[in-house]
Each structure stands twice: as C-alpha cells, then as structure tokens.
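**Q** Before I ask anything, let me first share the structure, which is written out below as structure tokens.
The values are calculated or read from the model by the stated rules, or taken from the named source; none is laboratory data. Since this is a predicted model, take the numbers as computed values, not measurements. Heads up, the Cβs are rebuilt from the backbone with ideal geometry, glycines too, and the neighbour counts pull from every protein chain shown. Ligands, DNA and RNA are excluded from the accessible area calculation, which covers all protein heavy atoms including side chains. Shrake-Rupley method; radii C 1.70, N 1.55, O 1.52, S 1.80 Å.
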Amino acid sequence: MQQRFLAPLFLTLSSSSLSSVLGFQLRPPQTTYSSPSRVFLSASTSSTTDTLTDTEVQTLFNLLADSTILYDPSRGTCCRNRCSGCTYLDPAGNFLFDEYTTNNTSEVDSRGWLAPYVNVDFGERIQTSKWSTLLFPPVSSDDSDDDKAAKKKKEVERKEFTTLLEQQLSSSSSVSPLAIQALWNILSPSVGYPRLTSTEIIRAIKGMEGAKSEMGGAVTYDTFAKNLLAAGDQIQQLGGLSDGDDESNVVDYDAMEKEELLDVCVERGMKTNFPKMKRIIIEELRFFDANGRQGKRHPVKNTLS
C-alpha cells in the first residue's frame with residue numbers, strides 16, 4: 001500500500017523534498033560513460049558514411065599488409081642459441097623458417113597478409129612487418145645516444161593513429177572516419193582502447209575470426225574485410241560516429257587504479273569473477289562500454305565476445 005502512494009510523489013517533489021519524505025538521502029545519479037567506439041573526426045578526414053566500401057577496405061589493407069610472411073616452425077620455442085642437434089637448424093647451421101609470398105600462393109592469399117608479428121629474426125633473414133613500421137616509427141630524439149634515438153615507440157594514441165594513416169593516403173584514396181574507427185577496433189584486443197601497443201595489436205591480429213593458425217595467426221584480405229565490415233556495422237548499430245574532437249567524454253581507464261576499476265565494474269552490475277589483473281579489468285570495462293553488456297572470454301584466444 002505504501003508504494004502505491006509514493007509513486008505520484010516521485011513525479012512532483014524535488015530531490016531534497018523527496019529525501020525528507022523517504023527518510024534517507026538519495027544517491028546521486030551514477031556517472032555515465034559514453035561508448036569509446038565513437039570516433040573523433042579531424043578536419044582532414046572525409047565525411048562519415050553509412051557503410052564501408054570495398055575501396056576503403058582494400059586501401060587500408062594495402063597500407064598494413066605484407067606480400068611476404070616468415071613463419072617460425074618452432075612457434076617461439078626455439079631459444080636461438082644454435083644448440084647442437086636442434087631440429088630447427090638446417091645442415092648449414094641456419095635457422096629454419098617457412099616463407100609465404102603472394103607470388104606462389106593461392107588466389108585467396110594473393111593480396112598479402114597482416115603479419116602476426118612486429119619483426120622476426122632468423123639470423124641470416126630479418127623481416128619487419130609493414131603495419132608496425134607505419135604505426136610505430138622510430139622516435140625522433142635530440143639525444144646523441146643512437147640507441148635511444150632509434151628506439152621504437154611503444155604505443156600509438158587514437159588521434160595519432162588517424163594522422164599516421166592519413167599521411168600515407170593520397171587525395172584519391174581517402175577513407176571515411178567510419179573505416180578508420182572500424183580499423184582501430186579490430187586492431188584492439190577489445191573495443192574502446194584509447195591507445196594501443198604493438199603487443200596488443202599482435203594479440204588482436206592473431207585473435208581475429210579466420211586468422212590462419214598454420215601461419216602463426218596471419219590474416220588474409222578476405223578475413224580482414226569480414227572483420228572490418230562487421231566492426232563498421234557494430235559502430236553504426238551503437239549510434240554511429242560522434243562529431244567534434246573533444247575526448248573528455250571518454251574514460252581513460254589506464255590512468256585509474258585497479259581498485260577504482262573494480263568499483264566501476266560493481267557500479268555497472270558486472271560480475272567480477274575474472275582475473276584481477278588491471279589489463280583484464282580494463283578489457284572487461286571497454287567491452288561493456290561498447291556493447292552494453294559483459295563479454296564472454298574465449299578459453300583459447302582469450303578474447304571477449
């Protein structure tokens with residue numbers, strides 16, 4: 001009976017008056033977090049589109065893909081010390097590796113691959129992936145120490161990501177903000193990262209649906225296109241892109257302490273039965289932001305879906 005009479009009061013009383021009637025202090029509304037899947041447009045980026053085009057997909061793939069992939073048959077287990085009797089050495093004592101090129105592969109792989117590594121070193125043969133060269137160029141430094149000057153960047157910010165891509169695009173091959181945001185999303189272990197490291201991008205490439213396990217997790221054009229188009233559709237379903245370049249509405253979880261992150265999880269009603277590692281907690285929160293629900297973690301790929 002009491003609830004029946006309280007309902008009209010909620011519609012007419014102020015929060016302070018309502019608190020005095022109820023006998024306890026009302027809790028202020030929780031902070032809302034906008035979906036980090038929204039992109040912040042730069043002045044030089046073309047206008048938003050409803051769907052991604054085949055040209056955009058091909059353009060982005062060409063920027064990042066290699067025509068040659070080297071694969072370590074030891075899957076990283078070889079210590080590279082040229083141990084006597086090592087099965088990963090040829091008779092001349094050189095490290096064995098598999099080489100895939102667009103010249104001698106099937107039509108499916110003729111456009112190249114996203115490499116599942118930053119670089120591979122087989123002694124007499126070293127190769128650096130195209131995507132890592134583009135996204136993680138050497139850091140310019142006034143320091144006379146050559147080692148410091150040559151040190152690679154460890155992470156790329158979201159806005160810088162757009163800039164680096166645009167610098168490689170000609171006026172005739174521009175891509176939409178939707179395409180760039182979709183690319184950012186599929187290169188992230190989960191949607192919503194404000195910055196990415198090369199290690200996180202490698203995890204995302206290997207974890208893409210359709211990645212070739214027999215090539216260490218390399219991604220073909222068809223697999224790339226499927227994942228990119230799906231990411232674009234997901235962005236549109238969540239409300240599309242947001243105009244402007246104000247990032248104040250995106251939560252920087254990396255700057256928060258682990259205890260604060262867990263408090264945010266509890267506020268959103270999320271189960272916290274996942275490992276209490278900061279990286280894992282942040283992935284859970286970013287997936288929640290992008291999808292409005294808690295994700296399920298794949299037992300092998302360790303990705304959320």
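**Q** How much net charge surrounds A115 when only the other residues with a Cβ under 9 Å from the Cβ of A115 are counted, with Lys and Arg +1 and Asp and Glu -1?
**A** So the environment of A115 carries a net charge of 0.
**Q** Rank Q234, M208, L164 by how far each Cα sits towards the positive end of the charge dipole of the range 161-305 (+1 on Lys, Arg Cβ; -1 on Asp, Glu Cβ) and give me just the farthest.
**A** With unit charges placed on the Cβ atoms, the residue in question is M208.
**Q** Give me a comma-separated list of calculated 3J(HN,Hα) values for the range 206-222, in order, Karplus coefficients 6.51, -1.76, 1.60 applied at θ = phi - 60°, integers in Hz, x for any Gly or Pro.
**A** 5, x, 5, 5, x, 4, 7, 5, 5, 10, x, x, 5, 10, 7, 4, 4
**Q** How far is it, in nm, from the label point at K278 to the one at S173 when both lie 7 Å from their Cα along the line to the Cβ?
**A** Label at K278, label at S173, 3.9 nm between them.
**Q** Here is a further query. What distance in nm separates the two pseudo spin-label positions at S305 and E214, each 7 Å out from Cα along the beta-carbon direction?
**A** 2.1 nm
**Q** Heavy-atom accessible area of R82 with all protein chains present, probe 1.4 Å, nearest 10 Å²?
**A** Its heavy atoms expose roughly 110 Å² to the probe.
**Q** Turning to a different aspect of this structure: Hey, can you grab everything whose amide H is under 5 Å from the amide H of E155? Only 5+ residues off in sequence or another chain; H modelled, so Pro and N-termini drop out.
**A** Under 5 Å from the amide H of E155: no residue qualifies.
**Q** Here's a follow-up. Subtract the Cα-Cα distance of S74 and D98 from 0.36 nm times their separation in residues, and report this length gain in nm to one decimal.
**A** That works out to 7.6 nm of additional length.
**Q** Okay, moving on. Starting from the Cα gyration tensor of the range 181-305, take the square roots of the eigenvalues, sort them a ≥ b ≥ c, and report rounded, prolate or oblate (rounded when a/c is under 1.5, otherwise prolate if a/b is larger than b/c, else oblate).
**A** oblate
**Q** Sticking with this one: For the range 155-305, with only Lys/Arg (+1) and Asp/Glu (-1) charged at the beta-carbon, what is the dipole magnitude about the Cα centre, in debye rounded to 20?
**A** 840 debye
**Q** Which value in Å does the Kirkwood hydrodynamic radius of the range 197-240 take, with 1/r averaged over all unlike C-alpha pairs and then inverted?
**A** 11.2 Å
**Q** A further question follows. By how many nm would the segment from S84 to K154 grow when fully extended, if each residue of separation counts as 0.36 nm and the alpha-carbon distance is taken off?
**A** Contour length minus Cα-Cα distance gives 21.6 nm.
**Q** A further question follows. Per residue of the range 62-79, what does 6.51 cos²θ - 1.76 cosθ + 1.60 with θ = phi - 60° give for ³J(HN,Hα)? Whole Hz please, x for Gly and Pro, Karplus curve as stated.
**A** My calculation for the range 62-79 gives 4, 5, 10, 8, 9, 8, 9, 10, 9, 10, 8, x, 7, 6, x, 7, 6, 7 Hz in order.
**Q** State, as an integer percentage, the relative contact order of the range 183-228 based on alpha-carbon contacts under 8 Å between residues 6 or more apart.
**A** On the way: 48 pairs, mean separation 14.0, N = 46.
Computed over the range 183-228, the figure is 30 percent.
**Q** Which of the peptides 202-209, 130-137, 181-188, 253-260 is most tightly packed, and how do the rest follow, judged by the mean count of other Cβ atoms within 10 Å per residue?
**A** Ranked by mean Cβ neighbours within 10 Å, highest first: 181-188, 202-209, 130-137, 253-260.
**Q** Among residues other than V57 whose Cβ falls under 14 Å from its Cβ, what is the net charge (Lys/Arg +1, Asp/Glu -1)? Provide the component values of the computation, followed by the final result.
**A** Values: positive: R111, K226; negative: D54, E56, D222, D233.
Its environment carries a net charge of -2.
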